[in-house]
Amino acid sequence: MKVLVGLGTCGIAAGAEKTYQALQAKAAAAGLPVEIDKTGCIGMCYREPLVEVRADDGSRVQYGNLTADKVERLLDEHVAQGKPIEDWMVWSDDGRGNERAYFTRQTRIVLRNCGKINPESIDDYLAIGGYQALNQVLQANEPEALIASIIDSGLRGRGGAGFPTGMKWRFTRLAAGDHKYIICNADEGDPGAFMDRSVLESDPHSVLEGMAIAGFAIGAGQGYIYVRAEYPKAIERLNIAIAQAEAKHLLGDGIWGTGFSFHVKLKEGAGAFVCGEETALMASIEGKRGMPRVRPPFPATKGLWECPTSINNVETFANIPWIITNGPKAYSSLGTANSKGTKVFAMAGKIKRGGLVEVPMGISIKEVVFDVCGGIKNDKKFKAVQMGGPSGGCIPAELQNTTIDYESITKTGAIMGSGGLVVMDETTCMVDVARFFLEFTQRESCGKCTFCRVGTKRMLEVLTRICEGKGKDGDIELLEQLATLVRSTSLCGLGQSAPNPVLTTIKYFRSEYEAHITNKKCPAHNCKPLLTYTILDSCIGCLMCAKVCPTKAITGELKKVHVLDQTKCTHCGECHKACRVDAIAVD
Amino acid sequence: MSEQRKYDFKKQHYAGEEGRLIPLLQRAQETDGYITRERITEIHRDCGIPVAQIYGVATFYAQFRLHPVGKNLIKVCHGTACHVSGANAITEAIEKTLGICNGETTPDKLFTIETVSCLGCCSLAPVIMINNDTHGNLTEKEVKKVLKQHQRAAIGEVQ
């Protein structure tokens, strides 16, 4: 019997290390014949720490919220006596568990090994057929046919833009040059997206294998992984994985006994969102300021150190070994006419089951939010989903039947993006969300193009004054005008897409903007300067609110209804928080 | 880290490799806590990269600091999920508890507050990271508790 603890960053933050240590200590103390092992992230982040008990016949039972204090009972009942604990069970492969619905609608290709294998053990990966896809393509020795099969699979770049992967490889293969490079873009900068981190932490070998296959396809001997420095666990596991693969000659020189050599180097990013853009990323690898340059020439002809380079995303690479093993038809049978396969989404925000989900393309937003992820937290009203991070947009609840494929999402004004999907409810102010994203892109603008540098700054100033109740007539039109200019005069994707969150919120939530500007009200009760606090007659006169008020705006006597002087109120909300009987109304 | 390794960046790390400036700055910050003026001069002397270029790179990336930070670095996540889950309130609570503003260091040099774009633990929002420990699903009350624990530990170490 084996007990596996999910030790991804989410799990560790929820206390999985403590669970792991308790399991080891207590199992050893009780002398139980059980192996305690680590695994990556199974995706149920909302239930971390997660522990799986795997019987010798391979059957699996998953427990959620398994904190260290629950370890003793688990070992005693399930491991020692063989009686699974139904109450704690979230999922089992024989159809039990109260959270099974989370998995039934998912199709796991990218996440196929996540939460199943120990990411720090190459033997685990080899045992499930790891590096066999690489072996297969090396033995066949037909890079053209390999590229053709990736084109046939319909796989499109999962970094956001959705360019066909096989085509990118073909262009790089055909480009003239002795040295060629593969780059894995793991600079997952979109706030709200964490699928690349999870894949790297849970299944690093799949990504390395995908990179080596790509290297063979285009004729590259060197690959780089550009990974965010904010992901220390992913970096640690990638380093382990690279060393293990090199030791077994699955990376390095003479892979699988053939003449093919492929080396992988890790490059840590240094915290610049713009480095997710491919030309900026290459500048950063070269040790320069990460500023984009004009394309063409595209990286496929002139990339890293002026050599032909193919840059693909983590998720794209993780798909590759599966496509080789199962064939392009198996992949293209999933999804819609123009968007094949599956897509991983990082679900976060006001959602009941937040975590990683992988669904076939063509599923609707509604199905993902409600059927897979259980709907809105605290059963509040669903307002919008934000897709694509700062480059994306907000899709309102009215459009929840929109299917998830590149074309349909783009039609709404948002983009597929890398896969961050943040759910918003009635308490989220859409003007504030637009301001939040613009604050981000404004800060992250590299400053090369004037309109991106200054235009986003002006837009942010307008949005900030709207949120502060100082909005003026014509502000919406001014935002639209600036948005068009920034979009059309910026060199790279950051500037071109920076106005998207503003434009989509204006398009779908114009009335909210108008309420802020004309009525000086925030319908979601989020923008503090626009809130009015009033003391209701149900006040019991406890003086709590008067005590916390920093400007002494509240006066009153014990056991008598207090009075709030609006002229002194700074809208800080401390009185509302302090009131124990909900006698302070907010509007 | 030994004296030898500290002062021999060029030989110990990434010697002769193209694009070595960023890894060098990262190791320098790891060693010194921030990028010191002396280190910039040293990298220039060892690698021949112009000081202006080193400074340009060091100020471009958010990771690099040109000023020292407190013993405990508190990173408050302001990613989308954390933002909609109340990251502003968390920042305010931390600022109030420590008596400093975002970006500042406490007079006793024990804590620095820094906001970051996304720590990638969105399903646990709101999240903060103190040194390398992540704390998720925070409320204003909870974050004060976490800070108190760290304050006690930090003061204990000093004494």
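The values are calculated or read from the model by the stated rules, or taken from the named source; none is laboratory data. It should be emphasised that the depicted structure is a prediction, and the values quoted were computed from it without experimental measurement. As a convention, Cβ positions derive from the backbone with ideal geometry for all residues, glycine included, and neighbour counts pool all protein chains shown. Note: accessible area is taken over every heavy atom of the protein model, side chains too, but ligands, DNA and RNA are not part of it. Shrake-Rupley method; radii C 1.70, N 1.55, O 1.52, S 1.80 Å.
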Query raised in the report: Straight-line reach from residue A:83: which lysines have Cα under 16 Å away, leaving out those fewer than 8 places along the same chain?
Result: A:2, A:70
Query raised in the report: If you place +1 on the Cβ of every Lys and Arg and -1 on the Cβ of every Asp and Glu, how big does the dipole about the Cα centre of region A:398-468 come out, in debye to the nearest 20?
Result: 560
Query raised in the report: Over the protein assembly as shown, what percent of the accessible surface lies on carbon and sulfur atoms, probe 1.4 Å?
Result: 51
Query raised in the report: Among bridges DSSP assigns within the protein assembly as shown, what percent are antiparallel (round to 5)?
Result: 55
Query raised in the report: If you take every DSSP beta bridge whose two residues both sit in chain B, what share of them, in percent to the nearest 5, is antiparallel?
Result: 55
Query raised in the report: Which whole number gives the average, over all residues in A:538-550, of C-beta atoms from other chains lying within 10 Å of the residue C-beta?
Result: 0
Query raised in the report: Under 17 Å from the Cα of residue A:560, which aspartates and glutamates turn up, not counting those fewer than eight places away in the same chain?
Result: A:537, A:582
Report task. Return the average number of partner chain Cβ atoms within 10 angstrom of each residue Cβ along peptide A:224-231. Result -> 3
Query raised in the report: Could you give the angle, 0 to 90 degrees to the nearest 10, between helix A:500-517's Cα long axis and the longest principal axis of the Cα atoms of chain A?
Result: 10
Report task. Kindly rank A:107-118, A:339-350, A:574-585 from highest to lowest mean number of other beta carbons found within 10 Å of each residue. Result -> A:339-350, A:107-118, A:574-585
Query raised in the report: Where the centroid of each part is defined by its Cα atoms, how far is region A:187-229 from region A:101-162 in Å?
Result: 12
Query raised in the report: Dipole magnitude of the protein assembly as shown about its Cα centre, charges +1 at Lys/Arg Cβ and -1 at Asp/Glu Cβ only, in debye to the nearest 20?
Result: 1400
Report task. Rounded to the nearest 0.05, what FRET efficiency do residue A:73 and residue B:37 give with R0 = 51 Å and r taken as the Cβ-Cβ distance? Could you check? Result -> 0.30
Report task. Return the whole-Å distance between the Cα centroid of region A:13-34 and the Cα centroid of region A:391-419. Result -> 44
Query - Once exposed loop GluC sites (Glu not before Pro) are cut out (DSSP; at most 12 other Cβ, 10 Å), longest piece of chain B - result: B:19-159
Report task. Note the angle between two axes, namely the Cα long axis of helix B:21-32 and the longest principal axis of the Cα atoms of chain B, as a number of degrees from 0 to 90, rounded to the nearest 10. Result -> 60
Requested in this report: Rounded to the nearest 10 degrees, what's the angle between the helix A:430-444 long axis and the longest principal axis of chain A, both from Cα atoms, 0 to 90?
Outcome: 50
Report task. Have a look at A:130, A:272, A:303 and report the one farthest towards the positive end of the charge dipole of region A:122-331, computed about the Cα centre with Cβ charges (Lys/Arg +1, Asp/Glu -1). Result -> A:303
Report summary line: Among A:450, A:460, A:516, the residue whose Cα sits farthest towards the positive end of the charge dipole of region A:430-519, when +1 is placed on the Cβ of each Lys and Arg and -1 on the Cβ of each Asp and Glu, is A:450
Requested in this report: Take every residue in peptide A:514-526, count the Cβ atoms of other chains within 10 Å of its Cβ, and give the average of those counts.
Outcome: 0
Report task. Evaluate chain A: find the radius of gyration of its Cα atoms, find its Kirkwood radius, and give the ratio Rg to Rh. Result -> 1.02
**Report entry** Centroid-to-centroid separation of region A:306-355 and region A:509-587 [C-alpha atoms, Å]
**Finding:** 48
Requested in this report: Tally the DSSP beta bridges in region B:72-154 and give the antiparallel ones as a percent, rounded to 5.
Outcome: 55
Report task. Work from the charge dipole of chain A (Cβ charges, +1 for Lys and Arg, -1 for Asp and Glu, about the Cα centre) and give the residue of A:421, A:364, A:525 farthest towards its positive end. Result -> A:525
Report task. Could you state how much accessible area is buried at the A-B interface, both sides summed, with a 1.4 Å probe, in Å² to the nearest 100? Result -> 3300
Requested in this report: State to the nearest 20 debye the size of the charge dipole of region A:531-586 about its Cα centre, where the only charges are +1 on K and R beta carbons and -1 on D and E beta carbons.
Outcome: 160
Query raised in the report: Is it possible to state the helix-based mean residue ellipticity at 222 nm for the protein assembly as shown, with each DSSP H run of 4+ residues giving -39500 (n - 2.57), the sum divided by total residues, to the nearest 500 deg cm²/dmol? What is it?
Result: -11000 deg cm²/dmol
